[in-house]
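Notes follow the structure.
Just so you know, all these numbers are worked out from the coordinates, no wet-lab data involved. Remember, it's a predicted structure, so these values are computed and weren't measured experimentally. Cβ coordinates were reconstructed from backbone atoms using ideal geometry, including for glycine residues, and neighbour counts include every protein chain displayed.
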Amino acid sequence: MRPIAQAKLIVYRWRLAQVTTSRAPASHCYGWGMQKPNEARTPRRRSRAPRIILLSLFALGVALLFRQGLVPSPLSPFPALDLAQPNPWFVDWRLAELKNNRELCPRVLKAPHVAAQPIPDHRGSDGCGWINAVRLESAGGVRAGFDKVTCEVSAALALWLEHDVQAIAREMLGQRVVSIQSFGSYSCRNIIGNPFWKNMKSEHAFANAVDIGAFNLADGRRISVAQHWKGDGVEARFLKAVHGRACRYFRVALSPEYNQAHHDHLHLDRGPLWRCK
Ligand SMILES: [Zn+2]
């Protein structure tokens, strides 16, 4: 063979050897210590769903603890409610903190916003009773006589009467509200007027609800739920406006629109349910 042909043959063999060694091995040839090229390049994708579900459940549990007032005071990030401040943030959770906290109650229910005296706890054998309650004389500068009512409801009443009811009364009626007509707070009974809830204790059974029949103005007028709710006069508009604002502070705020059992009063409570009608 001539030298040129011999050199060409050597180059051809060298190139063939390069191609053979650089080719990826066949799929059935992987052994110990060898990885498929695809596996090395693309890491296995892990699902985020379990982590998201766990975080959601944790957040839901924390929210429920705050809503039920079960977070101990030292662990709460919220300052005590100041009844002088309108529109407090996280108002529902901060009111709920008053449910079981005896030390917090007198720090919140203060003059001139509230006049009240604490009363001893009572747990009846019939499943009724109250804890952390007061005898209320006035709330939000309005005479509001309830002989047994929880600290939580008293604070909600004070915020509603002082910052919402008075502003609406001045704007719509040109007068201040000086007192409310109480239809009662504590009553050991089940929920009435709704067959679905008839076996459940009313929040009245825990002094955690108030019924209001009328608002008395400084000029002597009385705006009564029984007399003025129906119709389109300014008194009816006043009652509907103050009922709507009550839903900021009370989880349940029922009016004559709800059912016949409430034809003559507004029912306001801080129980576990949520209804504004
Ligand atoms: Zn009621």
Region 108-276, Rg to Rh (Cα coordinates; Rh as Kirkwood inverse mean 1/r): 0.96
Separation between Cα centres of region 135-196 and region 69-83, rounded to whole Å: 23
Entries of 99/201; 230/277; 110/277; 201/230 with Cα pairs more than 21 Å apart: 110/277; 201/230
Shape metrics for region 195-253, restricted to C-alpha atoms - Rg then Dmax, Å: 14.2, 43
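Residue 87: net charge of surrounding residues, Cβ under 14 Å, Lys/Arg +1, Asp/Glu -1, itself excluded?
Residues near residue 87 contribute -1 overall.
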Per-selection Kirkwood Rh - region 42-81 (Cα, Å, 1 d.p.): 12.6
In order through region 255-266: 3J(HN,Hα) via Karplus (6.51 cos²θ - 1.76 cosθ + 1.60), integer Hz, x for Gly, Pro: 10, x, 5, 6, 6, 5, 4, 10, 5, 10, 7, 9
Residues residue 65 and residue 45, FRET efficiency given R0 of 51 Å [Cβ-Cβ distance, rounded to 0.05]: 0.90
Net charge over other residues, Cβ less than 14 angstrom from the Cβ of residue 209 (K, R count +1; D, E count -1): +2
